[in-house]
Structure formats: structure tokens, C-alpha cells
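Okay, structure first, notes after.
The values are calculated or read from the model by the stated rules, or taken from the named source; none is laboratory data. If you're wondering where the values come from, they're calculated on a predicted model, not measured in any experiment. Don't worry about glycine lacking a Cβ; one is built from the backbone with ideal geometry, like all the others, and counts go over all protein chains shown.
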Amino acid sequence: MSGLDLISCPSYSSIAAKYKLDLDISKCQWPDSFVYCMGAFTQRILAERGLEDKYISDGGVLNEICWLKSRYPHIELIYERSMIKSLEKIIVDYALNEYDFIFHIDPNDVSDILDQCLKQTFFQCNIKYHIIDGANAEDALDQMLAYLQVKPVLSAKYALLNVNKYLPLNKDSDENCN
């Protein structure tokens, strides 16, 4: 819609195959979850660097750390908790320095754990973001382009049809890619 390339989150299955993790995400335990998060973060950074400043990301690096944090919200071991906090500091620093705009599409679902984690991270880390009502995808896209003051190359409706046709978002049912 904007004419810019879209970077989407690396699927769990692609990271799992690369790092020889269990291919079933439901069997993914703490060490493999951490490896997935680091691998996804690394792949996203490489993709973003390859496109310089001319891309739109579907969640950015904050998506990966919130996936890990929401997967282990009550981790008791100090070492693992420390690893998550350390990785979060690196990821937040990257986001603050590299992203010009962060939009949060509100799913309007109070039970969405990833959404709650993102909002908590925004607040605790003082990350400026713009909230977009996610009730209507076309309206959400139009709101983002208006805020960015970008003239659309495609209409929101046609862009969404293309996304669903060429990039099926539910094809790989990884729970971190929403």
C-alpha cells in the first residue's frame, strides 16, 4: 500500500529448522524459546539492515521479546529472568534507535497476553507509540498512512487482498506472528 517493502516476523518453523530446535512450537521449552527469540531478532535485524530505512515491519523486534516474556511470565529462576531482562534491554535500545514510528494496532481484546506485554513494555521503557484501532483493517492502514503522511500506491482494500493472496498470515500458525 505504501510502496515500501514489508518485513514480517520469521516463522518459528524456519528458525527451528535453522537452529535444530523441536519443530513443534508447543514442545518448545525455555532454552529453545530463548534461541528462537535471539534467532528471530537476528534475522529481523539483518532484513531491516538490508533495506536501510525503506521498509515497514510487522511488529518489529519488540514482537520477539514480548513473545518470550509472555511465554514465561512467571519464570522463577533468577538466571533465566536475568537473561530475558538483558535481552529486553538490547531489543528496546535497538527499537528506540532504529524505528522512526511505532504503531500499536489494538486488538480490542483484554485477554490478549502479547498485546498486554507490548503495552507494558511501551510504558516501562518509555517507548513512544501511536495506537491504532484494529477493529477494521482498512481503516487501520489508512490511519497509519495518514499519520506518516504517505501517499498510498494502492488502496487499503486492494493492499489487504494482495496480502491475503500472496502472504497468507495464518499459513504458518506460529503463535508469535499475529
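Count, please, the residues in the stretch 1-24 that happen to be more than 30 Å from residue 142 (Cβ to Cβ) and either within 17 Å of the chain's Cα centre (by Cα) or in a loop (DSSP other than H, G, I, E, B) (or both).
Of the residues in that region, 9 qualify.
Hey, can you tell me all the residues within the stretch 48-69 that are under 28 Å from residue 80 (Cα atoms) and among the aromatic types (Phe, Trp, Tyr)? Passing the criteria: only 67. Pairs are defined by a Cβ separation below 9 Å, a sequence spacing of at least 6 or placement on different chains, a first member in the stretch 14-26 that is in contact (Cβ under 8 Å) with a residue 40 or more places away in the chain and among the basic types (Lys, Arg), and a second member that is loosely packed, with under 14 Cβ neighbours inside 10 Å and assigned to a helix (DSSP H, G or I); no pair meets this definition. A Cβ distance below 7 Å, combined with a sequence gap of six or more or placement on separate chains, defines the contacts here; from the stretch 59-81, residues that are at positive phi reach residues that are modelled with pLDDT under 80 and not in a helix (DSSP H, G or I) in the pairs 59/9. Taking every residue in the stretch 40-54 that is among the small types (Gly, Ala, Ser) and pairing it with any residue that is surrounded by 14 or more Cβ atoms within 10 Å (Cβ to Cβ) and in a helix (DSSP H, G or I), at least 6 positions away or on another chain, the pairs with Cβ-Cβ distances below 7 Å are 40/15; 40/64.
Taking each residue of the stretch 120-143 that is under 14 Å from residue 106 (Cβ atoms) and looking for partners that are part of a helix (DSSP H, G or I) and of a type in the set (Phe, Trp, Tyr) with beta-carbon atoms closer than 9 Å, six or more apart or interchain, yields 129/122; 130/147; 132/147.
All conditions but one from (1) without any contact (Cβ under 8 Å) to a residue 60 or more places away in the chain; (2) more than 30 Å from residue 154 (Cβ to Cβ) apply to residue 7; the one that does not is (2). Please specify each residue of the stretch 99-113 satisfying the condition of being more than 17 Å from residue 133 (Cβ to Cβ) and within 14 Å of the chain's Cα centre (by Cα). Hits for the stretch 99-113 are 99, 113. How about the stretch 65-117: which of its residues are in a helix (DSSP H, G or I) and acidic (Asp, Glu)? Those that are in a helix (DSSP H, G or I) and acidic (Asp, Glu): 80, 88, 93, 98, 115. Kindly indicate whether residue 21 is buried (at least 18 other Cβ atoms within 10 Å of the Cβ) and more than 29 Å from residue 100 (Cβ to Cβ). So residue 21 passes the test. Could you please let me know if residue 135 is in a helix (DSSP H, G or I) and among the small types (Gly, Ala, Ser)? So residue 135 does not fit the description; no. Determine whether residue 16 is surrounded by 20 or more Cβ atoms within 10 Å (Cβ to Cβ) and among the small types (Gly, Ala, Ser). Here the answer is yes, as residue 16 does meet what is asked.
Across the stretch 61-74, which residue is farthest from the chain's Cα centre (by Cα) among those that are surrounded by fewer than 20 Cβ atoms within 10 Å (Cβ to Cβ) and farther than 16 Å from residue 35 by Cβ?
Going through the qualifying residues, I end up with 74.
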